[in-house]
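J.: Below you'll find the structure I mean.
The values are calculated or read from the model by the stated rules, or taken from the named source; none is laboratory data. What you see is a predicted model, and the numbers here were worked out from it, not measured in a lab. Every residue, glycine among them, receives a Cβ derived from its backbone with ideal geometry; neighbour counts consider all protein chains shown.
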Amino acid sequence: MDGEGPVVVVAGAGALPALLIGALDAAARPRRVIALKGFADAATGRRADRTMSLLDVSGILAQLAAWRPAAVTLAGGVTRPSPAALASGVAAWRNRRELAELFARGDDHLLRGVVALLEEQGHRVVGAHEIAPDLLAPAGVLGTVHPDAEARRAIETGFSCLAALSPFDVGQACVAVAARVVAVEGAEGTDRMLARVGGGAAGRLAGLLPALRRATPAAGVLVKSAKAGQDHRVDLAASGPRTVRNAARAGLAGIALGAGATLTIERDAMIAEADRAGLFLVGVDPGAARPGEVPA
């Protein structure tokens, strides 16, 4: 991130923006923050230089032009605006042409369009992993619980599923049981997918009793990773302590994350939560999730 200007964090929801702001401050790197109204949490909002609407494309571009940043990073979650918001918002009307082109596409196309728009304005776009590389999931078993043979088979199945779905702009996660995929993440996100998985009586009971979950044959595994060919500068798959809690509630045996292709938010807390719940937490090279190559 060479250059004299600040690094600008465009902050959506979740803990990631605050982690990046902290990393930039720790490195004594000049930074500016645009908090996206309705998405960025209160703590991020208090540290922001501007709070702006996601729909105010021209306003955000004008602010970036004024700041002349060395780099821009997009961090945190946002949801696609409703057609009503696009039709009625003053900001949306000001930018109706750009918004119509960007929001009419799938998530991957949308994000690539946002990056292209920023780059057309002369801005360098960087990923969260370039600011805080320690957030990337490492390879290997991260806690005290290890996956058994059935869980390793499920991990292989899950990564194969994500690789096969990558061209179709689906989600970044699935749940597998041995050689069978039982759920695929859609637009609802990982947490709601896990709620679907845990909605049955067996899942609810196993979620309440870790010992029963460990004793249940071929319990499910959450597999999460960036799509194949995905631009890691935007929408890199991320998991945190809440993901672990929701996996436990769903009665799963553990979680496998794409090593180097998934962000771990509050990793120490994730590991502690997984150990407490009796779940394994493992980082797997997405290109090596084949028989005999998943960490045991």
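J.: With (1) in contact with a helix residue (DSSP H, G or I) (Cβ under 7 Å, 6 or more places away or on another chain); (2) among the hydrophobic types (A, V, I, L, M, F, W, C); (3) surrounded by 14 or more Cβ atoms within 10 Å (Cβ to Cβ); (4) more than 18 Å from residue 124 (Cα to Cα) as the list, and residue 43 as the residue in question, which single condition is left unmet?
T.: Of (1) in contact with a helix residue (DSSP H, G or I) (Cβ under 7 Å, 6 or more places away or on another chain); (2) among the hydrophobic types (A, V, I, L, M, F, W, C); (3) surrounded by 14 or more Cβ atoms within 10 Å (Cβ to Cβ); (4) more than 18 Å from residue 124 (Cα to Cα), only one is false for residue 43: (3).
J.: Can you tell me which residue within region 97-132, out of those that are of a type outside the set (A, V, I, L, M, F, W, C) and modelled with pLDDT under 70, is nearest to residue 229 (Cα to Cα)? Even if it seems obvious, please write down each step before you answer.
T.: Step one: of region 97-132, the residues of a type outside the set (A, V, I, L, M, F, W, C) are 97-98, 101, 105-109, 112-113, 119-124, 127, 129-130.
When the remaining residues are screened for being modelled with pLDDT under 70, the result is 97-98, 101, 105-109.
Values: 97: 28, 98: 25, 101: 22, 105: 18, 106: 15, 107: 14, 108: 11, 109: 13 Å.
Step by step, filter region 97-132, then rank; the result is 108.
Listed here are the residues, each with its yes/no results for (1) crowded, with 18+ Cβ neighbours inside 10 Å; (2) aromatic (Phe, Trp, Tyr); (3) touching a Phe, Trp or Tyr at 6+ places or on another chain (Cβ under 6 Å).
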| position | (1), (2), (3) |
| --- | --- |
| 12 | yes, no, yes |
| 27 | no, no, no |
| 30 | no, no, no |
| 36 | yes, no, no |
| 55 | yes, no, no |
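J.: Here is a further query. I need a count of the residues in region 61-90 that are at pLDDT below 85, outside any helix (DSSP H, G or I) and touching a Phe, Trp or Tyr at 6+ places or on another chain (Cβ under 9 Å).
T.: Summing the residues that are at pLDDT below 85, outside any helix (DSSP H, G or I) and touching a Phe, Trp or Tyr at 6+ places or on another chain (Cβ under 9 Å) in region 61-90 gives 5.
J.: For residue 275, are the conditions met, namely being on the phi < 0 side of the Ramachandran plot, without any contact (Cβ under 8 Å) to a residue 40 or more places away in the chain and in the same structural domain as residue 189 (by TED's automatic domain parsing)?
T.: no
J.: Does region 133-152 contain at least one residue that is within 30 Å of residue 64 (Cβ to Cβ), of a type outside the set (Val, Ile, Thr), at pLDDT 90 or above and part of a loop (DSSP other than H, G, I, E, B)?
T.: Of region 133-152, the ones within 30 Å of residue 64 (Cβ to Cβ) are 133-136.
Then keep just the ones that are of a type outside the set (Val, Ile, Thr); that gives 133-136.
When the remaining residues are screened for being at pLDDT 90 or above, the result is 133-136.
Next, only the ones that are part of a loop (DSSP other than H, G, I, E, B) stay: none.
No, every residue in region 133-152 fails to be within 30 Å of residue 64 (Cβ to Cβ), of a type outside the set (Val, Ile, Thr), at pLDDT 90 or above and part of a loop (DSSP other than H, G, I, E, B).
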